[in-house]
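**Q** Please see the structure below; I have some questions.
The values are calculated or read from the model by the stated rules, or taken from the named source; none is laboratory data. What you see is a predicted model; the values in this text were computed from it and never measured. Here the Cβ positions follow ideal geometry from the backbone for every residue, glycine too, while neighbour counts run over all protein chains shown.
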C-alpha cells in the first residue's frame, strides 16, 4: 500500500493506492467523510483489483480551497488522480457525495468509467427528480432560505481532536453505530485552525457544496452514462414512496443498470457498519458485468 499526496489538476489530493495488475476500483467517500471509511471494505477487493482511495477536495489530508465544490469540478479532481496514477479507466464506487462525483465522472468522461456504484445520488433536492414538492417559485425561496441559514451558522470548533471524537462517539453511540472505523474517520477529518482549535471538514464545505447541490438534476447525468450502473438504496429504515418513485424514474434513464437492496443498509454509513454485505453486493455486480 502506498499513501501520498498527488497532483490532481489545480489541487493535491491524498490517495492510498493498493497496486495490482488488472482493473482498478476507486472508492469515493460521503460528504464530511474521508478515505478511512473504506478501511474494512478494502480487504474484500485487493485480491482481484487495484484499489485506490482518495480524500476528496476539502476533506481529510487533501487540499482545501474555498471553492470548486461542484460535482463536475470534483470529478475533474478524480480524473486528475487517475492521470497521475496512470489509470486509464476504473470502476467507481461512491457513497453519497462520492456517488454524485462518480456519476459526474461517468457522464462526462465515459471512456474512463468501467462501471459505477451509486450508494447515493438517487434523488435531487428540487426539479423533476426532487423531493421538494412545491412549484419552482417556492423551491427558489426554499433554496435561498437554506443558503442564508448556512451562511449565518457559526463554525463549531473543538479544543482537541479527542473532544471531536468524544462528541461523535456520543452521537453515533446512541444509535449503536459507533466503532473504531468511525473514530478513525473523525480523527482523519480534523482540521486545525489558526488558534489551535479543530473543526470538521463539513463545517467549511457545506455552504459552497450546497450552493450547487440544491440545483443538481441527476437525470441529466444518468441519461448520459454508458457504463453499467448499480444503485444501492437505503433500506434502514427505508425510503418512502416519494423517494422510491424518484429513484425508479432515474433508474429508467440508465441503459444498463440494476438495483440491489442490502438488508438493513444505513445510508451512508453501511460501509462502516456492515462492510461485508456491501462489499459482496459490489463484487457480485462486478463479476456479473
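**Q** Suppose we filter region 37-76 for residues that are assigned to a helix (DSSP H, G or I) and surrounded by fewer than 23 Cβ atoms within 10 Å (Cβ to Cβ); how many remain?
**A** Of the residues in that region, 6 qualify.
**Q** Only one of 221, 215 is surrounded by fewer than 19 Cβ atoms within 10 Å (Cβ to Cβ) and closer than 21 Å to residue 121 by Cα; which?
**A** Every option except 215 fails the conditions.
**Q** Kindly indicate whether any position in region 65-73 is touching a strand residue (DSSP E or B) at 6+ places or on another chain (Cβ under 7 Å) and modelled with pLDDT of 95 or more.
**A** Yes, some residue in region 65-73 is touching a strand residue (DSSP E or B) at 6+ places or on another chain (Cβ under 7 Å) and modelled with pLDDT of 95 or more.
**Q** Would you mind stating whether residue 13 is surrounded by 22 or more Cβ atoms within 10 Å (Cβ to Cβ), in a strand (DSSP E or B) and touching a residue at least 40 places away in the same chain (Cβ under 8 Å)?
**A** Yes: the conditions hold for residue 13.
**Q** Taking residue 86 as the residue in question, decide whether it is surrounded by fewer than 18 Cβ atoms within 10 Å (Cβ to Cβ) and either closer than 21 Å to residue 3 by Cα or at pLDDT 95 or above (or both).
**A** Yes.
**Q** Moving to a separate point now. Do we have any residue at all in region 11-31 that's assigned by TED's automatic domain parsing to the domain that holds residue 270, touching a helix residue (DSSP H, G or I) at 6+ places or on another chain (Cβ under 6 Å), over 26 Å from residue 232 (Cα atoms) and modelled with pLDDT of 95 or more?
**A** The answer is yes, given that some residue of region 11-31 is assigned by TED's automatic domain parsing to the domain that holds residue 270, touching a helix residue (DSSP H, G or I) at 6+ places or on another chain (Cβ under 6 Å), over 26 Å from residue 232 (Cα atoms) and modelled with pLDDT of 95 or more.
**Q** Among the numbered conditions (1) farther than 30 Å from residue 287 by Cβ; (2) part of a helix (DSSP H, G or I); (3) not assigned by TED's automatic domain parsing to the domain that holds residue 65, tell me where residue 184 comes up short.
**A** Of (1) farther than 30 Å from residue 287 by Cβ; (2) part of a helix (DSSP H, G or I); (3) not assigned by TED's automatic domain parsing to the domain that holds residue 65, only one is false for residue 184: (1).
**Q** Then there's this: Please go through region 129-155 and give me each residue that is loosely packed, with under 12 Cβ neighbours inside 10 Å, part of a loop (DSSP other than H, G, I, E, B) and out of contact with any helix residue (DSSP H, G or I) (no Cβ under 6 Å at 6 or more places or on another chain), ordered by number.
**A** Matches in region 129-155: 133, 135, 153, 154.
**Q** Of the residues 104, 99, which single one is in contact (Cβ under 8 Å) with a residue 40 or more places away in the chain, outside any loop (DSSP other than H, G, I, E, B), assigned by TED's automatic domain parsing to the domain that holds residue 117 and in contact with a helix residue (DSSP H, G or I) (Cβ under 6 Å, 6 or more places away or on another chain)?
**A** 104
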